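The values are calculated or read from the model by the stated rules, or taken from the named source; none is laboratory data. Everything quoted here is computed from the prediction, not taken from an experiment. Here the Cβ positions follow ideal geometry from the backbone for every residue, glycine too, while neighbour counts run over all protein chains shown. The area values use the complete protein model at the heavy-atom level, side chains included, leaving out ligands, DNA and RNA. Shrake-Rupley method; radii C 1.70, N 1.55, O 1.52, S 1.80 Å.
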Amino acid sequence: MNWLTNVVRPKIRNMLRRETPENLWIKCPDSGQLVFYKDVEANQFVIPGSNYHMRMGAVARLKSIFDNETWFDVALPDVTPDPLKFRDEKKYVDRIKDARARTNLNDAIKVGYGRLEGSAVVVAVQDFDFMGGSLGMAAGEAIVRGLELAVEKKSPFIVFAASGGARMQEGILSLMQMPRTTVAVQMLREAKQPYIVVLTNPTTGGVTASYAMLGDVQIAEPGALIGFAGARVIEQTIREKLPEGFQRAEYLKEHGMVDMVVHRHELRPTLARLCRLLTKAPAPETASKPMQPVLSPAQIVSAAETAPAAPHA
């Protein structure tokens, strides 16, 4: 054994090695500037210089919407994890396990019930980090359950859409969630409760073809990619060059596909105003009724088992 090479040098290297987090700095996809991660996180994941809207996780999104960052996790129905026993390069069940471990979510959609500037609302958030926010049986059940809860509580339903489309590993069972969620939206409409959709980057495929474009009010975040098929597929089909900014939030607003494009910093007060307007609710100063638990203790335990614990008050 060589004492100099095997003992001294490795020990010196270990003394000089510094543990640096992988996400310490973020590179802006728009401007290319490097930004400190904590600064972006404190700015609601909007790049300070360029105003580029980064993707926002489900828990962070719920914190940014609900009063005092407090809400009730809604227990969601269990579904068969791998109904078709699907396998490509990897087993589908293993992909789900990896996604759950990486995101700390049970599936692509998380549903919460709480107050937004004093008004009771149900909020569903689609997390793109969980298998591209794809719409499968579990995600479909989450949307349907959230809409049913909004009907029960006579409160508005807000959904933050972010998806690459239907989940291929579940085949026709994932496509069935499109009509199921559409019927559930109609139930909310018949109950005369507001349905507000916030389109984030990206919202595509079967999600766009179903509940994501059925809102009473359609809101989009700046620069969000919104569409059904990809731009390249459309160009190859129609054999024409698409206009600049096609399928972006601003282009869709100009052509009447969305009602407004709202900066993330203005999103919470905008949603609160819309909820008050559409429900004819009193102003925040007089809306002081305390929040009543939406779930029984047993249901809250069930919700905690199927989703990460929310920062309950």
Under 5 Å, built H, 5+ apart or other chain: amide partners of Ser50: none
What residues have an amide H closer than 5 Å to that of Gly136, excluding those fewer than 5 places away on the same chain, when H is modeled at 1.01 Å from N in the peptide plane? Arg167
Which of rounded, prolate, oblate describes segment 173-252, given a ≥ b ≥ c as roots of the alpha-carbon gyration tensor eigenvalues and a/c under 1.5 marking rounded, otherwise prolate only if a/b is larger than b/c? oblate
Roughly how many debye, to the nearest 20, is the charge dipole of segment 69-200 about its Cα centre, given +1 on each Lys and Arg Cβ, -1 on each Asp and Glu Cβ, and no other charges? 140 debye
List, in order, the whole-Hz ³J(HN,Hα) value for each residue of segment 142-152 obtained from phi through the Karplus relation with A = 6.51, B = -1.76, C = 1.60 and θ = phi - 60°; use x for Gly and Pro. 5, 5, 4, 5, x, 5, 4, 5, 4, 5, 4
Heavy-atom accessible area of Lys153, protein chains in place, probe 1.4 angstrom, given in Å² to nearest 10, is 80 Å²
Can you classify segment 128-173 as rounded, prolate or oblate using the Cα gyration tensor, where a ≥ b ≥ c are the square roots of its eigenvalues, rounded means a/c under 1.5, and otherwise it's prolate if a/b beats b/c and oblate if not? oblate
Keeping all protein chains in the complex and leaving out DNA, RNA and ligands, what accessible area do you get for Asp216 with a 1.4 Å probe, in Å² to the nearest 10? 70 Å²
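Pairs of alpha-carbon atoms within less than 8 angstrom and 6+ residues apart define the contacts here; what relative contact order does segment 86-201 have, in percent?
Numbers: 196 pairs, mean separation 29.5, N = 116.
Over segment 86-201, the number comes to 25 percent.
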With θ taken as phi - 60° and the coefficients 6.51, -1.76 and 1.60, list the Karplus ³J(HN,Hα) couplings across segment 73-80 in order, rounded to whole Hz; mark glycine and proline as x. 6, 8, 5, 10, x, 7, 10, 5
